Amino acid sequence: MRYDYAIHEQYESLTRSEKKVADYVLKVGSQLMYATMSDIKAATKVGDATIIRFCQKLGYNGFSDFKIELAKEDFTQQAETRPADYYDDISRHLQEALTATAKLIEPTKLNQAIDLLSQARHIYLFGVGGSGQTGDAFSAMLLRAGVQTTSISDPHLQAQVASLLTPRDLVIGLSLTGRTKDTYASLKIAADNGARIIAVTNNLNSPVAQLGEVVLQTAIEELLNGGSVAGRISQLYIGEVLVKGYEQRNQVDAVALRERVLRSIIDKRIE
């Protein structure tokens, strides 16, 4: 049964506090899948126990279970309305991801991030899962601009490296949700040791964003579709903007650098 139908069916049996949660859920709809219990508590002024009881009265084990069901419903609805020429639909979605991310760029923050890149002794990229793979690609992009970085996706190694950082080091933290526990924990260790932090995330109020000296915002929310191409494109677009900005700020001879890189690998091609 759809979550909104279930709410209407159970509404009269809910307590006054639970009805506040119900009203909020109906108001925000499927966007609730990106919310936290703290978000709901702030909006409804109820406690954790009320939110959990509300979810259980609808037939779910708890809040996380409810969010997963919301994500499944949303994903199914999108699949049902997807046109036959789905490849055009995918293309439009990816273009929209780029456009939406571009609109979120704030020149002042971008310039601050480029300053940090230019001043850092060592640069590390922290991310796990899909964001870890983005970190690897971002590291390769920076290398072509003459910037040597280290991309780390293993949380244990992140923590070890973070414990040895100093104010001369920079960490770029990648997390679309901004709520990835491992990434947050590693960035927290780095920040506690004085390292400079650039956070690349969707949510400006998320824990990861709160650790960032500079926050560059992406535009793709994902839960059930974690690691999506659109999400990575949003992150990589930010990466490409940073690379180009760095090259301009530092008057990097990009052609000469790319020639050196090409000559180092050209013999590895099969003719």
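Key figures for this structure:
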{"item": "Most to least accessible of 8, 122, 156 (protein chains only, probe 1.4 Å)", "result": "156, 8, 122"}
{"item": "Those residues of the stretch 168-182 whose amide nitrogen sits under 16 Å from the label point placed on residue 193, 7 Å along Cα→Cβ", "result": "168-173"}
{"item": "Once exposed loop trypsin sites (Lys or Arg not before Pro) are cut out (DSSP; at most 11 other Cβ, 10 Å), longest piece of the chain", "result": "122-268"}
{"item": "Integer Hz, Karplus 6.51/-1.76/1.60 couplings in order for the stretch 127-138, x for Gly and Pro", "result": "x, 10, x, x, 5, x, 5, 4, x, 4, 5, 4"}
{"item": "Residue 229 accessible area, 1.4 Å probe, all protein chains in place, Å² to nearest 10", "result": "90"}
{"item": "Under the Karplus curve 6.51 cos²θ - 1.76 cosθ + 1.60, θ = phi - 60°, whole-Hz ³J(HN,Hα) for the stretch 57-70, x wherever Gly or Pro sits", "result": "5, 7, x, 9, 5, x, 5, 4, 4, 5, 5, 5, 5, 4"}
{"item": "Label of the coordinate-derived value, mean projected area of the Cα convex hull in nm², listed as (1) 13.6; (2) 18.2; (3) 19.4", "result": "(2)"}
{"item": "Computed [θ] at 222 nm, helices only, for the chain once each DSSP H run of length n ≥ 4 contributes -39500 (n - 2.57)", "result": "-18500 deg cm²/dmol"}
{"item": "Relative contact order, percent, the chain [alpha-carbon distance under 8 Å, six or more residues apart]", "result": "17"}
{"item": "Amide H partners (placed H, <5 Å) of residue 171, local residues excluded", "result": "124, 196, 197, 198"}
{"item": "Karplus-derived 3J(HN,Hα), 6.51/-1.76/1.60, for each residue of the stretch 167-182, Hz, glycine and proline x", "result": "x, 8, 9, 10, 10, 9, x, 10, 7, 4, 6, x, 10, 6, 4, 5"}
{"item": "Residues whose placed amide H lies under 5 Å from that of residue 151, excluding near-sequence neighbours", "result": "125"}
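The values are calculated or read from the model by the stated rules, or taken from the named source; none is laboratory data. No experiment lies behind these values; they were computed from the predicted model shown. A quick note on method: Cβ atoms are made from the backbone with ideal geometry, for glycine too, and the neighbour counts reach across all protein chains shown. Ligands, DNA and RNA are stripped out before the accessible areas are found, and what is left, the full protein with its side chains, is counted by its heavy atoms. Shrake-Rupley method; radii C 1.70, N 1.55, O 1.52, S 1.80 Å.
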